[in-house]
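Taking it in order: structure first as C-alpha cells, then the write-up.
The values are calculated or read from the model by the stated rules, or taken from the named source; none is laboratory data. These figures come from a predicted structure and were not determined experimentally. Cβ: placed from backbone, ideal geometry, glycine included. Neighbour counts: every protein chain shown.
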C-alpha cells in the first residue's frame with residue numbers, strides 16, 4: 001500500500017500508475033479508466049463525453065456497467081457515510097477514512113490513495129468526481145446533498161441501471177441525422193449531429209406537481225421576441241395570489257389584461273375572486289421581463305409545452321433545476337438557436353443578436369423540422385466507463401432513489417416567476 005507521502009512530488013503519478021493494475025483488477029475496473037482520469041498533478045478529473053445519451057454506445061456501456069454493479073452488490077455494496085456533511089480539505093476525522101472506503105468501492109478514489117483520516121487533495125478530487133457523476137456542483141467539499149447521494153444503497157443504483165437500460169433500448173432506432181435530447185431528471189439538453197453531441201445545455205424542467213412530459217416532437221419554428229400568454233392554470237394558481245399581495249405586479253412586469261380584444265386595467269378586476277380566470281393575460285416582449293426571455297422554440301405537441309429562454313438565469317447554477325410548469329428553459333439559448341437555424345439566413349450569431357436587439361417579433365424555421373426527444377433517464381454510463389446517476393425526481397423508477405432533489409423541487413422556485421405552459425403567442 002502506498003502512503004500519502006509517497007504520492008507527493010513529481011514521482012506521484014508514476015507511483016500511482018504502478019499501483020493501478022492490482023487495484024483495478026481486484027474490482028473489475030480497467031486500468032485505462034484510472035489512467036485517463038488523473039492529470040499531471042495527480043488530481044481526478046471527469047471528461048465530458050461527446051457521445052449522445054441516446055446512442056448504441058451509451059446503451060452498450062450501460063449494459064457493461066450493469067455487470068460491474070452486480071459484482072459490487074454481490075460483494076456487499078458500500079456502507080453509508082454519516083457525519084460527513086461538513087468535511088472539506090484539511091479536516092481530520094475518523095469519518096474521512098469511512099468516506100475514503102465509500103469512494104473506493106464506487107471507483108471514485110483509487111485504493112492506493114490510502115486510508116488516512118485527513119481530507120486531502122485526493123479525497124477532494126474524488127468527491128468532485130462523485131459530484132460530477134451525480135449532477136451536483138463540483139465543490140470538492142461534502143454537503144447534505146452529496147451525502148444523500150452517497151448513501152443510496154448499491155442495490156438501488158443497480159436497479160436504476162437495469163430500468164434505464166430498458167429505456168435506452170427503446171431509443172435504439174434511427175433518431176435522425178440532427179436531433180435534440182432533453183433528459184428531464186438530469187435537467188439537460190443535448191443537440192446531436194453526426195452521432196456526436198454538438199452542444200450541451202443546462203435546463204430548467206417541470207416541478208413535481210407540474211411535470212415535464214416524456215414525449216417525441218419536432219422543432220418547427222423559433223419565435224424571437226415573443227409575447228407570452230399566461231395559461232389558465234397559472235392565472236389561478238400563481239397570478240391571482242400574487243396580485244393579492246402585490247397589486248402593482250402586472251404593471252411592473254408589463255402583463256396586460258384583455259377581455260376579448262379590449263384591454264382592461266388591473267384595478268377593474270376583483271382579485272379576491274376567480275374573475276381573473278375569465279380574461280386573457282399577455283406579457284409584452286422583452287428579454288429582462290418576459291417569462292420566455294427573448295426566444296421560444298415551438299415544438300407542437302398535445303401537452304402544450306415548449307422550450308424557451310428565461311430571464312431567471314440564476315437557476316442554471318443550482319443542483320436541482322425542477323422549477324417550471326412543464327416547459328423546458330434552456331441555458332446559453334443563443335447557441336441552441338444558432339444550431340437549430342444552421343444553414344438558414346437567421347442562423348448566424350450576429351443576425352440572431354440583431355433580431356434580439358431589434359425587439360420585433362420574428363419567426364424563423366429550420367431547414368427541416370428537427371426531432372426532439374423528451375426522455376426520463378436516471379442512470380447511464382458513457383463509453384469511457386463513467387457511470388452517471390440522477391434523482392428519480394418524478395418517482396418513476398420506484399426503487400427508492402435519493403430525496404434531495406425531491407425536497408428541493410417540492411419547495412418550488414425561490415422567487416415567483418410565472419411560467420409558460422401555453423402555446424399561444
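Go through the stretch 369-382 residue by residue and tally those that are assigned to a loop (DSSP other than H, G, I, E, B) and in contact with a strand residue (DSSP E or B) (Cβ under 6 Å, 6 or more places away or on another chain). Before the answer, list the steps.
Taking the stretch 369-382 as the starting set, the residues that turn out to be assigned to a loop (DSSP other than H, G, I, E, B) are 369, 376-378, 382.
Next cut, in contact with a strand residue (DSSP E or B) (Cβ under 6 Å, 6 or more places away or on another chain) only: 369, 377.
Of the residues in that region, 2 qualify.
Hey, residue 304 hits all of (1) touching a helix residue (DSSP H, G or I) at 6+ places or on another chain (Cβ under 9 Å); (2) assigned to a loop (DSSP other than H, G, I, E, B); (3) farther than 26 Å from residue 49 by Cα but one; which does it fall short on?
(1)
Counting only residues that are under 21 Å from residue 339 (Cα atoms) and at pLDDT 95 or above, give me the strands (runs of 3 or more DSSP E) lying completely in the stretch 157-244 with at least 3 of them. Reasoning before the result, please.
Values: elements: 178-183, 188-193, 196-206, 215-219, 221-224.
In the stretch 157-244, 178-183, 188-193, 196-206, 215-219 are the strands (runs of 3 or more DSSP E) which contain 3 or more residues that are under 21 Å from residue 339 (Cα atoms) and at pLDDT 95 or above.
Out of everything in the stretch 55-72 that is under 28 Å from the mean Cα position of the chain (by Cα) and farther than 30 Å from residue 196 by Cβ, what residue ends up being surrounded by the fewest Cβ atoms within 10 Å (Cβ to Cβ)? Walk me through how you get there before you give the answer.
Kept after step one, since they are under 28 Å from the mean Cα position of the chain (by Cα), are these residues of the stretch 55-72: 55-70, 72.
Add one more test, that the residue is farther than 30 Å from residue 196 by Cβ, and what stays is 70, 72.
Numbers: 70: 15, 72: 20.
Step by step, filter the stretch 55-72, then rank; the result is 70.
Which residues, taken from the stretch 234-264, are surrounded by fewer than 17 Cβ atoms within 10 Å (Cβ to Cβ) and out of contact with any helix residue (DSSP H, G or I) (no Cβ under 9 Å at 6 or more places or on another chain)?
Matches in the stretch 234-264: 237, 241, 244, 245, 252, 254, 258, 260, 261, 262, 263, 264.
All but one of (1) part of a strand (DSSP E or B); (2) buried (at least 20 other Cβ atoms within 10 Å of the Cβ) hold for residue 282; state the number of the condition that does not hold.
Single failed check for residue 282: (2).
Tell me, yes or no, whether the stretch 395-406 has at least one residue that is touching a helix residue (DSSP H, G or I) at 6+ places or on another chain (Cβ under 9 Å), outside any loop (DSSP other than H, G, I, E, B) and modelled with pLDDT under 95.
Applying the first criterion (touching a helix residue (DSSP H, G or I) at 6+ places or on another chain (Cβ under 9 Å)) to the stretch 395-406 yields 395-405.
Narrowing the set further to residues that are outside any loop (DSSP other than H, G, I, E, B) leaves 404-405.
Checking the rest, the ones that are also modelled with pLDDT under 95 come to 404-405.
Looking through the stretch 395-406, at least one residue is touching a helix residue (DSSP H, G or I) at 6+ places or on another chain (Cβ under 9 Å), outside any loop (DSSP other than H, G, I, E, B) and modelled with pLDDT under 95.
Report the residue count in the stretch 73-99 for those that are under 27 Å from the mean Cα position of the chain (by Cα) and surrounded by 18 or more Cβ atoms within 10 Å (Cβ to Cβ).
Residues flagged as under 27 Å from the mean Cα position of the chain (by Cα) and surrounded by 18 or more Cβ atoms within 10 Å (Cβ to Cβ) within the stretch 73-99 amount to 5.
What are the pairs with Cβ atoms under 9 angstrom where one residue, in the stretch 257-279, is over 15 Å from residue 240 (Cα atoms) and the other, located anywhere, is at pLDDT below 95 and assigned to a helix (DSSP H, G or I)? Sequence gap at least six, or different chains.
Once the first residue is over 15 Å from residue 240 (Cα atoms) and sits in the stretch 257-279, its partners that are at pLDDT below 95 and assigned to a helix (DSSP H, G or I) give 259/278.
Check off (1) within 22 Å of residue 373 (Cβ to Cβ); (2) out of contact with any strand residue (DSSP E or B) (no Cβ under 7 Å at 6 or more places or on another chain) for residue 326 and give me the number that stays unchecked.
(2)
Among 188, 161, which is the only one that is farther than 27 Å from residue 335 by Cβ and under 20 Å from the mean Cα position of the chain (by Cα)? If you could, list the steps in order and put the result at the bottom.
Working: 188 fails: farther than 27 Å from residue 335 by Cβ.
Residue meeting the stated conditions: 161.
I'm checking my understanding of the structure. Among residues of the stretch 128-140 that are surrounded by 19 or more Cβ atoms within 10 Å (Cβ to Cβ) and without any contact (Cβ under 8 Å) to a residue 60 or more places away in the chain, which one is farthest from the chain's Cα centre (by Cα)?
Narrowing the stretch 128-140 to residues surrounded by 19 or more Cβ atoms within 10 Å (Cβ to Cβ): 128-136, 140.
Right, trim to without any contact (Cβ under 8 Å) to a residue 60 or more places away in the chain and you get 130-131, 140.
On the way: 130: 15, 131: 13, 140: 19 Å.
Only one residue tops the list, namely 140.
List the number of the failed condition for residue 195; all other conditions in (1) surrounded by fewer than 16 Cβ atoms within 10 Å (Cβ to Cβ); (2) more than 30 Å from residue 367 (Cα to Cα) hold.
Looking at each condition in turn, residue 195 falls short on (2).
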